[in-house]
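Colleague: The structure's right below; bear with me while I get my questions together.
The values are calculated or read from the model by the stated rules, or taken from the named source; none is laboratory data. Since we're looking at a predicted model, the values are computed, not measured. Cβ placement follows ideal geometry from the backbone for every residue including glycine, while neighbour counts extend to all protein chains displayed.
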Amino acid sequence: MKTSVLSRSLLAGIALGAMLGGVSAQEKVLRIGMTAADIPRTHGQPDQGFEGNRFTGIPMYDALTHWDLSSADKASVVIPGLATEWAVDAADKTKWIFKLRPGVKFHDGSAFTADAVVWNVEKVLKKEAAHFDASQVGVTVSRMPTLRTARKIDDLTVELTTSEPDSFLPINLTNLFMASPAHWAAKLAAVPASVSDAAERGKQAWLAFAAEPSGTGPFKGVRLQPRERFEMVANKGYWDPKRTPKIDRVVLLPLADANARTAALLSNQVDWIESPAPDAMPRITSGGFKIYSNPQPHVWPWQLSFVEGSPWLDKRTRHAANLCINRDELKTLLGGMMGVPKGSVDPSHPWWGNPTFDIKYDAAAAKKLMTEAGYSAAKPMKVKVLTSASGSGQMQPVPMNEFLQQSLKDCFFDVELDVIEWNAVFTNWREGAKDPKARGANAINVTFATMDPFFAMVRFTSTKTFPPVSNNWGYFGNDEFDGLISKARSTFDAKDRDTALAALHKRIVEEAPFIWVAHDAGPRAMSAKVTGVVQPKSWFIDIAPMSVE
């Protein structure tokens with residue numbers, strides 16, 4: 001790390017110290033430096049990718065289903081959340097029955113019931129509802145595109161309907177967080193009568209709700225300063241005793257620059273930072289701080305465009321780019337904090353499927369393919385990649401992309417990097433390669449999770465998930481892939497579904513709609529004062545069981 005850069009970052013840390021004033025010395029306070037440039041949205045459906053779910057979703061809200069984040073050794077699986085059990089209707093596999101947890105209260109004191117589930121489904125699906133919020137749709141519906149309706153059966157039973165049989169639904173529902181209908185109604189009632197337009201009244205109610213959120217989670221939001229800080233306090237009445245917080249207050253701080261995050265940690269301005277700079281890790285550990293990491297169900301890719309005129313339409317170029325990257329060298333650059341991918345999942349995974357294309361480093365084979373495709377050092381293939389300087393799961397995007405830029409030059413690729421703000425990249429991921437905000441890019445660098453079939457494969461390869469429905473940014477897909485997806489989605493036996501998903505993954509690797517670059521190890525650095533930390537094999541982490549000594 002350059003001294004001048006660190007010095008500037010330390011000055012930023014001094015300013016940060018001023019921001020953190022006013023917190024009681026008697027409280028157990030956990031201060032977190034995020035990679036996001038702004039506070040993820042707090043109304044129940046966070047933006048900023050899964051960093052949003054990690055820090056303003058899971059701590060304040062619950063979903064019907066949860067990820068088990070209690071183990072560092074076992075794969076994270078779906079467990080009951082606000083639903084205690086669920087089953088698909090044997091006679092109609094587009095209908096699911098969910099039994100709800102009794103006695104749960106929102107932070108405002110109102111009861112969680114089936115009415116609340118219906119209300120939260122309608123906030124993103126029912127356009128004529130007073131509380132429908134278009135701003136929440138993109139980050140929600142794109143993650144569960146088959147969900148259509150919710151119907152109350154009784155106070156503790158709800159029926160959810162999908163557009164087609166979908167065995168993935170209980171997994172997808174981990175992303176639908178339950179906000180308080182009663183609290184929102186109170187915010188709506190407080191909107192001045194002079195605001196007569198119904199849509200504008202609803203919008204203002206959601207803005208007021210975000211400033212004073214109400215979920216059912218282990219922490220309550222109490223103070224929001226956009227782009228500066230967000231504070232949560234413990235919900236001591238949380239329904240799950242195992243997750244009743246030991247920490248009194250959590251302070252979230254957006255620190256997009258890795259050097260600024262590192263300086264804040266080293267100067268004890270924060271207790272925890274996401275994605276420390278690799279070259280700073282020795283200094284961090286020598287200072288008595290701890291680095292936590294664990295292999296994650298994660299892919300750091302370039303997702304390619306298949307629109308008319310894209311150079312990636314020639315499969316030889318896609319294979320060549322995958323063969324031209326020395327991932328072991330990149331791993332060294334990142335201080336060992338990455339896994340080397342063979343596809344979206346690794347060969348030990350039940351979805352592997354034995355693809356015939358082997359992702360490895362073979363520059364000679366890459367050059368041969370590019371020559372066959374009509375490219376050379378004198379006539380390189382033009383590539384423009386939309387990426388960010390930081391962001392959820394993005395690891396170290398600028399040095400990683402610069403490494404790819406240099407590596408691919410040897411194989412007749414001329415790569416232009418377009419680095420913009422993370423949330424703008426993430427938004428265009430749903431808007432697609434044809435949208436003007438793609439800025440002419442023919443590849444996009446947005447990392448993705450592989451912990452469930454929809455997130456890992458389906459949303460990138462189905463013709464039903466073309467923008468703006470979900471994240472098939474490059475418009476990749478055909479009848480073959482739609483058929484493989486339909487078979488997997490409509491298979492409710494877990495073993496048979498794994499077999500169907502393996503067939504899908506095999507074809508994805510062979511067709512290569514991605515340049516697979518890395519699997520994240522999810523490094524985060526913490527003060528030794530932070531105890532009870534479990535770093536799961538997940539994008540997420542549970543703050544509730546932690547303490548600050």
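Colleague: Out of 446, 415, 458, 419, I need the residue that is assigned by TED's automatic domain parsing to the domain that holds residue 376, surrounded by fewer than 20 Cβ atoms within 10 Å (Cβ to Cβ) and either closer than 27 Å to residue 365 by Cα or not polar (S, T, N, Q) (or both). Which one?
Modeller: Result: 419 is the single residue among 446, 415, 458, 419 that is assigned by TED's automatic domain parsing to the domain that holds residue 376, surrounded by fewer than 20 Cβ atoms within 10 Å (Cβ to Cβ) and either closer than 27 Å to residue 365 by Cα or not polar (S, T, N, Q) (or both).
Colleague: Hey, could you check region 413-442 for residues that are outside any helix (DSSP H, G or I) and touching a residue at least 60 places away in the same chain (Cβ under 8 Å) and say which is nearest to residue 317 (Cα to Cα)? Write out each step before concluding.
Modeller: Looking only at region 413-442, we keep the residues that are outside any helix (DSSP H, G or I), and these are 413-421, 432-435, 439-442.
In the following step, the residues that additionally are touching a residue at least 60 places away in the same chain (Cβ under 8 Å) were identified as 413, 421, 433-434, 441-442.
Values: 413: 9, 421: 28, 433: 18, 434: 21, 441: 16, 442: 13 Å.
Filtering region 413-442 for residues that are outside any helix (DSSP H, G or I) and touching a residue at least 60 places away in the same chain (Cβ under 8 Å), the one nearest to residue 317 (Cα to Cα) comes out as 413.
Colleague: Limited to region 31-58, what total is found for residues that are within 13 Å of residue 177 (Cβ to Cβ) and of a type in the set (Val, Ile, Thr)?
Modeller: Summing the residues that are within 13 Å of residue 177 (Cβ to Cβ) and of a type in the set (Val, Ile, Thr) in region 31-58 gives 3.
Colleague: Are there any strands (runs of 3 or more DSSP E) wholly within region 64-113 with 2 or more residues that are in contact with a Pro (Cβ under 9 Å, 6 or more places away or on another chain), and if so which?
Modeller: 65-67, 83-88, 95-100
Colleague: In addition: Right, residue 43: out of contact with any strand residue (DSSP E or B) (no Cβ under 8 Å at 6 or more places or on another chain) and either in a strand (DSSP E or B) or surrounded by 24 or more Cβ atoms within 10 Å (Cβ to Cβ) (or both) or not?
Modeller: It is true that residue 43 is out of contact with any strand residue (DSSP E or B) (no Cβ under 8 Å at 6 or more places or on another chain) and either in a strand (DSSP E or B) or surrounded by 24 or more Cβ atoms within 10 Å (Cβ to Cβ) (or both).
Colleague: Here is a check on your reading of the model: is residue 265 in contact with a strand residue (DSSP E or B) (Cβ under 8 Å, 6 or more places away or on another chain), crowded, with 24+ Cβ neighbours inside 10 Å, more than 23 Å from residue 368 (Cβ to Cβ) and touching a residue at least 24 places away in the same chain (Cβ under 8 Å)?
Modeller: Against the criterion (in contact with a strand residue (DSSP E or B) (Cβ under 8 Å, 6 or more places away or on another chain), crowded, with 24+ Cβ neighbours inside 10 Å, more than 23 Å from residue 368 (Cβ to Cβ) and touching a residue at least 24 places away in the same chain (Cβ under 8 Å)), residue 265 qualifies.
Colleague: Just a yes or no: is a residue in region 274-284 closer than 30 Å to residue 358 by Cα, in contact with a Ser or Thr (Cβ under 9 Å, 6 or more places away or on another chain) and among the small types (Gly, Ala, Ser)?
Modeller: Yes; the residues of region 274-284 include at least one that is closer than 30 Å to residue 358 by Cα, in contact with a Ser or Thr (Cβ under 9 Å, 6 or more places away or on another chain) and among the small types (Gly, Ala, Ser).
Colleague: Can I ask one more? Give the residue that is surrounded by the fewest Cβ atoms within 10 Å (Cβ to Cβ), with candidates limited to residues of region 362-410 that are in contact (Cβ under 8 Å) with a residue 24 or more places away in the chain, among the polar types (S, T, N, Q) and not in a strand (DSSP E or B).
Modeller: Within region 362-410, the match that is surrounded by the fewest Cβ atoms within 10 Å (Cβ to Cβ) is 376.
Colleague: Anything in region 114-145 that is touching a residue at least 40 places away in the same chain (Cβ under 8 Å) and farther than 21 Å from residue 42 by Cβ? List them, or say none.
Modeller: Within region 114-145, 114, 115, 118, 145 meet the criteria.
Colleague: Next question. Look through region 239-259, keep the residues that are among the hydrophobic types (A, V, I, L, M, F, W, C), more than 14 Å from residue 28 (Cα to Cα) and modelled with pLDDT of 95 or more, and return whichever of them is surrounded by the fewest Cβ atoms within 10 Å (Cβ to Cβ).
Modeller: Filtering first and then ranking leaves 239.
Colleague: Let me ask another. For region 285-293, check the following and say yes or no: at least one residue is touching a residue at least 60 places away in the same chain (Cβ under 8 Å), out of contact with any strand residue (DSSP E or B) (no Cβ under 8 Å at 6 or more places or on another chain) and aliphatic (A, V, I, L, M).
Modeller: no
Colleague: Another question, then. Mind checking which residues of region 489-499 are assigned to a helix (DSSP H, G or I) and either crowded, with 23+ Cβ neighbours inside 10 Å or among the acidic types (Asp, Glu) (or both)?
Modeller: Answer for region 489-499, where residues must be assigned to a helix (DSSP H, G or I) and either crowded, with 23+ Cβ neighbours inside 10 Å or among the acidic types (Asp, Glu) (or both): 489, 496, 498.
Colleague: Where in region 157-239 are there helices (runs of 4 or more DSSP H), lying wholly inside it, with at least 1 residues that are free of Cβ contacts under 8 Å to residues at least 60 places away in the same chain and not assigned by TED's automatic domain parsing to the domain that holds residue 101?
Modeller: Of the helices (runs of 4 or more DSSP H) lying wholly inside region 157-239, those with at least 1 residues that are free of Cβ contacts under 8 Å to residues at least 60 places away in the same chain and not assigned by TED's automatic domain parsing to the domain that holds residue 101 span 181-189, 198-211.
Colleague: Among the residues of region 44-78, which ones are charged (D, E, K, R) and under 25 Å from residue 167 (Cβ atoms)?
Modeller: The answer is 62, 68, 74.
Colleague: Part of a loop (DSSP other than H, G, I, E, B) and crowded, with 23+ Cβ neighbours inside 10 Å: is that true of residue 474 in this structure?
Modeller: For residue 474, the condition - part of a loop (DSSP other than H, G, I, E, B) and crowded, with 23+ Cβ neighbours inside 10 Å - is met.
Colleague: Checking the condition over 15 Å from residue 516 (Cβ atoms) and basic (Lys, Arg), which residue from 327, 316 passes? Spell out the reasoning first.
Modeller: Working: 327 fails: over 15 Å from residue 516 (Cβ atoms).
Just one listed residue meets the conditions, 316.
Colleague: Let me ask you something else. Condition (residue is over 30 Å from residue 148 (Cβ atoms), among the hydroxyl-bearing types (Ser, Thr, Tyr) and buried (at least 21 other Cβ atoms within 10 Å of the Cβ)) applied to region 269-278: is it met by at least one residue?
Modeller: yes
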